[in-house]
Amino acid sequence: MKGDKFYIFLFLTPAFLISGIFLYYPFFENFKLSFYKTDGFFNSTFIGFDNYIRLFNDEIARGSTLNSFELMLYVAIFQVGIALVLAIMVNSIKRGAAFYRITFFFPIVISGAAIGLLFTLIYNYRNGLLNEILVNLGFERVLWLTEQSALYMVAIPTIWNYVGFYFVIFLTAIQKIPQDYYDAAALEGITGFQKMTKITIPLILADLKTCLVLAITGALKIFELVYIITKGGPARSSEVLGTYMYQKAFVDSAMGYGATLAVFMVVIGLTLAFITNKFIKNDKLTY
Amino acid sequence: MKGKKIGLVLFLLVVSLFLLAACSSKNSSNEQTESKPQATENNEGKEKEKVELRVVTTMAGTDPAGEVFQKVLNDYMEKNQHIKIINDSQSADAGTIRTKINTDFSSNNEPELMFFFNTIDAEGIINAGKVVNLEKAEGVDLSGYNSMLEQQRNKDGNIYAAPQSGFYEGLFVNKKLFEEHSIKIPTTWEEYELAIEQFAKTDIIPVAASTVDSYYVVEHYALAAGGIDHYSAKLADQDSTWAEGLDNIAKHAKMGAFPADAATLDLAMVQDLFKQEQAAMIFEGSWFWGQLVEAGMAENVTVIPMPVYGSGGQTGDIVGGSTQGWFISTKAYEDESKREAVVDLFNYITSEEILLEIVAATGQPPAKGQLSDLPEYIAAGHKLVADAPAVDLPINDRILPEAFTYIRESVPSIVNGTKTGEQVLKEAAALE
Amino acid sequence: MVIHLAEKGVQRLTFWEKFQSRYFSKSKYGKLFIYLCLTLWSMTTIFPLVWVVLNSFKNSREIITDTFSFPADPTFQNYLKAFDTVNIGKSYLNSLIMSGSVVFFVLLFGGIAAFAMARMQFRLRGALQMLLIGSLLIPAFATIVPVYKMMIKMDLVNTYWALIIPQTAGNLPFAILVISAYMATIPKELEEASVMDGCSRWKMFTKVFLPISLPSFATVGTFVFLWSYNDLFSSLVLVSQEKVAPIVVLLSNVSSQYGTDYGLMTASIAMTVIPVLIVYLLAQKTFEKGATTGAVKG
């Protein structure tokens, strides 16, 4: 369209200006820190690529990365999947839809600290809910957080906690599909499952892709629940990049190495998002 | 159409400038506040110059000292109408205070007075000359302190922080549970191991401990294995008794000394096991008494020193000291308009009367004078410190934080047998 | 296009699809199954809120010992203590002002940027998209120190702007991505029709795309509000003084070296959750409106 250049510039400038100054510039500072051995304040020594060399030889970082990938896989499949199914279900009913829309949102509203405490109290060996039930039924107590199980045990609350988030986004997207499309389809005999695969999903593909990207990037940043529920343990078996980075930067005051981990997170996230983008073809979908 | 375009540009420009310009407008308002003292100078004779002091401490939140401290500041402002104090305190648990204070000091935004950790956390600030040497500072009164003042002396020979209170760590034992199971409260290492063995047979957890947040456990096991001489070693020495201590933790874990889920428990959950009388012993610090009183079980509890079997010391040596103190920032001290006020406030807060008033809220051993009317159990703790042949700081206040975290978080790996104490120490020392 | 698909679909109904339509979508049991699933899930989501509210009437000790039972001896102590130690009213107001402003700026700047990203063609589009995705990955831990230093330089620390500006910057990428995904699938005919009517791009945005995308704005607004409101970490660093402190900062002070006061913690969670639920309910209204306008126009 004529004059578009002007509008593109006008519409994009404020957002990218603000993000540029208060998000990209600080991150650039963080990037610079990754070349220093530093507490971030008074003691700084330029060490070139040493932090990156350390990163590639760091066993804990390697384990955390693998754990993060595993969590990411669960999150992308189950969090987004469950949310999509729930959204389609809620969209298909008339009575009670508002009730589910509100209640599904509850876990997001409650802070991570509280959800973390809740699950700590569920898994706790001595007095936890699960073991109380077992003891009452006459069974032995079970150690829920072991080196083998800990990652799954934190994946459950992590997935559950944010299903409502994707649910709301999907529901918003589905509801923009005009009813006459379904009506037309119904005339042609398309109902139920077909309605979902042939109309609903193709028409919200852009939103689905965005959700996948959000899930992948979100999974890399997972921190709070893991930190509270397992402390990354037992014996670092559930350590993820988010917890490791927090530990380095804030518990250990090793800002330089923490910054390196942050850069690393952004790099893998971008690579994965790029792959996702290629994977789901970006056909300009309109009605 | 063109007019609308321009109108639109103007609108967006105004809104985005509004955001960014908020900055510059604040800048000028700042200059105004800075020039205020000059303006009030006209009223000289009648009033003293108005001074604004920012004080940062960790006494906030439900820290019992927080309320008392605010009251102390209010009293002071009442007496000194020309001084306005901004209390910028934040609980140390929030985890942001170290970052905040270090950023403040490195960005020329330091508070006038602060109550902060005089440990490795303040090293950068001290080395950069951002806080004053209190012994050389004019008008600063450092009289009346007990040995806690000497503990603040920096490697360079100067004192930058004036202490308020101290703390000690030790083995808290539930006397009632020991009596009920006819087990002897341990005074030697053998008795300690025996107590573990005997409690392990019962439903009671012998020692409430986390092996991941294993601060106190690591310290006390190192102390037991080497005595205070080895305990005070540097990490670089890779002292073999530290490694022995770490291996002892694994040995006791196999005996059932700790909770089954010790590798994922946080300190609050650990404390809770003790408070619910599900565990007989716990390694904790003197601040723990507050919780025990609240739980209504302080009378049943006593604190004992870690039994030492190593050759470098004796039972009775304890981990403790005084790691927090009052600092005056160099910037405030060198500012003619503020020096008098900040020194006066410093002297007021560290005077024996006020110091005791603040410390009384916590029951910790004070750095000046004596607390009176102490409950028996707290007095016993203070006696523990007074009788100790030797006291040294916790390990994590002495060594590189990264290295200590590495040791602490590796304990579960030692327990499950994938690493040895020696190996962990070596790896930790490599981080320094 | 749909009709076309539909024709094909009818011809190729598989056994599974026939099974589907017979037993799920058309039959009573299908509906019942759907309601069963939804209700089961909603039970898991209602549970924590009930847990928080019930526990807020217990003392700290009972929360750990009897966390999953009704309070034996309900106490208002936690709420009284919270009201007593902190100036709740003022901090609610602070939260509202700051998070409200963040939502406003994010939706304003993010909305127009999303429109440009979704409906206009330009060379850097792909690169900007990647930049936006990249910015989702930047952890707040990594930027807080430089941001704090900038705020000190601009003398904004402990003013509302200290939190509003970085949070706006941090949430813009999310807003642009989600809103532009929504706008991307709005029928092309609408765009063409408005061009015929002689609309400028700005008018096209305000008259066509904004109203249709309102549900998306509401969704994004809700989440941005939520994140801004719950962002304890940035708030502790940038706006910790009482005159500007948001509610989460004041209530976070419940923990100290004497251990965490879980009673006070659950009470404060109950108190922080209420405004967010109100915001969500208000946004829900917009959902319904947006949905109907969409249907009418489509």
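The values are calculated or read from the model by the stated rules, or taken from the named source; none is laboratory data. In this text the structure is predicted, and so the values were computed from the model without any measurement. Backbone-built Cβ (ideal geometry, glycine too); neighbour counts: all protein chains shown.
How many residues does the stretch C:104-156 contain that are among the basic types (Lys, Arg) and in contact with a helix residue (DSSP H, G or I) (Cβ under 8 Å, 6 or more places away or on another chain)?
3
Scan the stretch A:69-106 for residues that are touching a residue at least 60 places away in the same chain (Cβ under 8 Å), of a type outside the set (Phe, Trp, Tyr) and under 22 Å from A:Ala219 (Cβ atoms) and jot them down.
Of everything in the stretch A:69-106, those that are touching a residue at least 60 places away in the same chain (Cβ under 8 Å), of a type outside the set (Phe, Trp, Tyr) and under 22 Å from A:Ala219 (Cβ atoms) turn out to be A:Glu70, A:Leu71, A:Met72, A:Val75, A:Ala76, A:Gln79, A:Val80, A:Ile82, A:Ala83, A:Leu84, A:Leu86, A:Ala87.
Mind checking which residues of the stretch C:98-110 are surrounded by fewer than 24 Cβ atoms within 10 Å (Cβ to Cβ) and at the interface with another protein chain (Cβ under 9 Å from one of its Cβ atoms)?
Result: C:Leu108, single match.
If I go through the stretch C:252-269 residue by residue, how many of them are facing chain B (nearest Cβ under 10 Å) and either at pLDDT 75 or above or within 21 Å of B:Thr96 (Cβ to Cβ) (or both)?
Result for the stretch C:252-269: 11.
Taking the stretch C:35-75, which residues are aromatic (Phe, Trp, Tyr) and at pLDDT below 85?
The answer is C:Trp51, C:Phe68, C:Phe70.
Within the stretch A:176-200, which residues are in a helix (DSSP H, G or I), at the interface with chain C (Cβ under 7 Å from one of its Cβ atoms), more than 24 Å from C:Leu214 (Cα to Cα) and more than 32 Å from the chain's Cα centre (by Cα)?
Those that are in a helix (DSSP H, G or I), at the interface with chain C (Cβ under 7 Å from one of its Cβ atoms), more than 24 Å from C:Leu214 (Cα to Cα) and more than 32 Å from the chain's Cα centre (by Cα): A:Ala184, A:Ala185.
With B:Pro365, B:Pro375 as the choices, which residue is in contact with a Gly (Cβ under 9 Å, 6 or more places away or on another chain), crowded, with 21+ Cβ neighbours inside 10 Å and within 30 Å of B:Tyr145 (Cα to Cα)?
B:Pro365
Does any residue in the stretch C:270-298 that is within 7 Å of chain A (Cβ to nearest Cβ) and surrounded by fewer than 19 Cβ atoms within 10 Å (Cβ to Cβ) come within less than 8 Å, Cβ to Cβ, of a residue that is modelled with pLDDT under 65 and outside any helix (DSSP H, G or I) six or more places away or on a different chain, and which pairs are these?
What qualifies is C:Gly298/A:Tyr287.
Which one of the conditions (1) in a helix (DSSP H, G or I); (2) under 22 Å from B:Ser89 (Cα atoms); (3) out of contact with any Leu (no Cβ under 9 Å at 6 or more places or on another chain) does C:Leu163 fail to meet, given that it meets all the rest?
Only one criterion is unmet by C:Leu163, namely (3).
Report whether or not C:Ile186 is away from chain B (no Cβ under 14 Å), part of a loop (DSSP other than H, G, I, E, B) and surrounded by fewer than 24 Cβ atoms within 10 Å (Cβ to Cβ).
Taking the combined requirement at face value, the residue satisfies it.
If B:Asn174 meets every condition in (1) in contact with a Leu (Cβ under 9 Å, 6 or more places away or on another chain); (2) over 30 Å from B:Phe346 (Cα atoms) apart from one, which number is that one?
(1)
Cβ-Cβ below 9 Å, separation at least six or inter-chain, first residue in the stretch B:356-385 and under 21 Å from B:Gly144 (Cα atoms), second in a helix (DSSP H, G or I) and of a type in the set (Lys, Arg): which pairs?
These pairs meet every condition: B:Glu357/B:Lys71.
Can you find a residue that is assigned to a helix (DSSP H, G or I), in contact with a Lys or Arg (Cβ under 8 Å, 6 or more places away or on another chain) and surrounded by 19 or more Cβ atoms within 10 Å (Cβ to Cβ) anywhere in the stretch B:334-348?
no
Taking the condition at pLDDT 90 or above and either in contact with an Asp or Glu (Cβ under 7 Å, 6 or more places away or on another chain) or surrounded by 21 or more Cβ atoms within 10 Å (Cβ to Cβ) (or both), does A:Phe22 pass?
yes
Could you list, in sequence order, all residues of the stretch B:106-121 that are more than 7 Å from every other protein chain (Cβ to nearest Cβ) and either of a type outside the set (D, E, K, R) or touching a Pro at 6+ places or on another chain (Cβ under 6 Å) (or both)?
B:Asn108, B:Pro111, B:Leu113, B:Met114, B:Phe115, B:Phe116, B:Phe117, B:Asn118, B:Thr119, B:Ile120
All but one of (1) more than 9 Å from every other protein chain (Cβ to nearest Cβ); (2) hydrophobic (A, V, I, L, M, F, W, C); (3) under 27 Å from B:Val293 (Cβ atoms) hold for C:Val50; which doesn't?
(3)
With respect to the numbered conditions (1) aliphatic (A, V, I, L, M); (2) more than 22 Å from B:Thr99 (Cα to Cα); (3) more than 7 Å from every other protein chain (Cβ to nearest Cβ), which one is the sole condition not fulfilled by A:Leu261?
Going through the list (1) aliphatic (A, V, I, L, M); (2) more than 22 Å from B:Thr99 (Cα to Cα); (3) more than 7 Å from every other protein chain (Cβ to nearest Cβ), A:Leu261 breaks only (2).
Do we have any residue at all in the stretch A:32-53 that's within 12 Å of chain B (Cβ to nearest Cβ), farther than 24 Å from C:Leu131 by Cβ and in a helix (DSSP H, G or I)?
No, the stretch A:32-53 contains no residue that is within 12 Å of chain B (Cβ to nearest Cβ), farther than 24 Å from C:Leu131 by Cβ and in a helix (DSSP H, G or I).
For B:Gly139, indicate whether it is away from every other protein chain (no Cβ under 14 Å), under 22 Å from the mean Cα position of the chain (by Cα) and not β-branched (Val, Ile, Thr).
No: the conditions fail for B:Gly139.
Taking the stated definitions as given, is B:Ile282 outside any strand (DSSP E or B) and away from chain A (no Cβ under 13 Å)?
no
Residues in the stretch A:203-224: is at least one in contact (Cβ under 8 Å) with a residue 24 or more places away in the chain, within 14 Å of chain B (Cβ to nearest Cβ), surrounded by fewer than 24 Cβ atoms within 10 Å (Cβ to Cβ) and more than 9 Å from the chain's Cα centre (by Cα)?
For the stretch A:203-224, residues in contact (Cβ under 8 Å) with a residue 24 or more places away in the chain, within 14 Å of chain B (Cβ to nearest Cβ), surrounded by fewer than 24 Cβ atoms within 10 Å (Cβ to Cβ) and more than 9 Å from the chain's Cα centre (by Cα): present.
Would you be able to say whether some residue in the stretch A:10-24 is on the phi < 0 side of the Ramachandran plot, within 26 Å of the chain's Cα centre (by Cα) and away from chain B (no Cβ under 13 Å)?
yes
Condition (residue is touching an Asp or Glu at 6+ places or on another chain (Cβ under 6 Å) and crowded, with 21+ Cβ neighbours inside 10 Å) applied to the stretch B:150-159: is it met by at least one residue?
yes
State which residue pairs qualify: first residue more than 10 Å from chain A (Cβ to nearest Cβ) and among the hydrophobic types (A, V, I, L, M, F, W, C) and inside the stretch B:260-277, second residue surrounded by fewer than 24 Cβ atoms within 10 Å (Cβ to Cβ) and part of a loop (DSSP other than H, G, I, E, B) in any location, beta carbons under 8 Å apart, and separation of 6 or more residues or different chains.
Taking only residues 6 or more apart or on different chains, the pairs are B:Leu267/B:Asp213; B:Val270/B:Asp213.
Scan the stretch B:93-110 residue by residue and report those that are out of contact with any helix residue (DSSP H, G or I) (no Cβ under 7 Å at 6 or more places or on another chain) and not small (Gly, Ala, Ser).
B:Asp93, B:Ile97, B:Ile101, B:Asp104, B:Asn108
What is the number of the single condition among (1) closer than 23 Å to B:Val131 by Cβ; (2) in contact (Cβ under 8 Å) with a residue 40 or more places away in the chain that B:Asp335 does not meet?
(2)
If I ask for residues that are charged (D, E, K, R) and under 21 Å from C:Leu137 (Cβ atoms), which ones from the stretch A:1-31 would you list?
Correct list: A:Glu29 only.
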